[in-house]
Amino acid sequence: QQLKCRQQGDQVCRDLAHLYHFYLHGPQGNTALRQEARRAAEAGGEGPQPRLLNGASTADIRILRREGDRHVWTKQLAAVCDDPVSLYLAAKREEFAFTVEVPGRGTVEGVLYYFPHEREGETV
């Protein structure tokens with residue numbers, strides 16, 4: 001029922017792209033991928049395939065809408081660029097990667113993003 005019209009289908013695809021963002025685009029998100037793809041296109045080639053931290057290929061997830069035997073529409077989730085994670089990554093001004101050793105537990109890696117004056121206040 002949620003995929004009955006194209007607009008509702010777009011919202012479902014945005015929600016799924018948000019949920020699976022890391023698996024679709026790898027650890028750098030889709031902003032790094034867009035930059036690499038643009039450079040490759042300018043050079044007349046294809047951009048590199050993003051990889052997950054373990055070296056595995058990113059997921060190629062497609063949502064298909066069918067009515068009986070009729071194909072209505074298909075959307076590749078990696079092509080969605082208006083999900084919340086994509087919008088935040090596009091709006092970031094700085095990033096700070098960090099690694100923390102937790103004694104007896106292992107290593108924690110992460111990234112903090114800086115969004116100056118988002119919604120009239122400082123944010124991280």
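The values are calculated or read from the model by the stated rules, or taken from the named source; none is laboratory data. As the structure is a computational prediction, the values presented were derived from the model and not from experiment. A quick note on method: Cβ atoms are made from the backbone with ideal geometry, for glycine too, and the neighbour counts reach across all protein chains shown. Please note that ligands, DNA and RNA were not included when accessible areas were found on the heavy atoms of the full protein model with its side chains. Shrake-Rupley method; radii C 1.70, N 1.55, O 1.52, S 1.80 Å.
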Query raised in the report: In the set L53, L33, which member is surrounded by fewer than 14 Cβ atoms within 10 Å (Cβ to Cβ), at pLDDT below 70 and not in a strand (DSSP E or B)?
Result: L53
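Can you tell me how many residues in the stretch 99-124 are at pLDDT below 75 and open to solvent by 80 Å² or more (accessible area, probe 1.4 Å)? Walk me through it before giving the result.
To start, the set of residues in the stretch 99-124 that are at pLDDT below 75 comprises 117-124.
Right, trim to open to solvent by 80 Å² or more (accessible area, probe 1.4 Å) and you get 117, 119-120, 122, 124.
Summing the residues that are at pLDDT below 75 and open to solvent by 80 Å² or more (accessible area, probe 1.4 Å) in the stretch 99-124 gives 5.
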Report task. Answer yes or no: is there a residue in the stretch 89-98 that is farther than 27 Å from V12 by Cα, open to solvent by less than 90 Å² (accessible area, probe 1.4 Å) and at pLDDT 75 or above. Result -> yes
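Among the residues of the stretch 73-86, which ones are out of contact with any helix residue (DSSP H, G or I) (no Cβ under 8 Å at 6 or more places or on another chain) and surrounded by 12 or more Cβ atoms within 10 Å (Cβ to Cβ)?
Kept after step one, since they are out of contact with any helix residue (DSSP H, G or I) (no Cβ under 8 Å at 6 or more places or on another chain), are these residues of the stretch 73-86: 74, 76, 79.
Result: Q76, single match.
Can you work out which of the residues in the stretch 56-71 that are part of a strand (DSSP E or B) and surrounded by 14 or more Cβ atoms within 10 Å (Cβ to Cβ) is modelled with the lowest pLDDT?
Just the residues of the stretch 56-71 that are part of a strand (DSSP E or B), to begin with: 57, 62-67, 70-71.
Checking which are surrounded by 14 or more Cβ atoms within 10 Å (Cβ to Cβ) leaves us with 63, 65.
Working: I63: 86, R65: 83.
Once the filter is applied, the top-ranked residue is R65.
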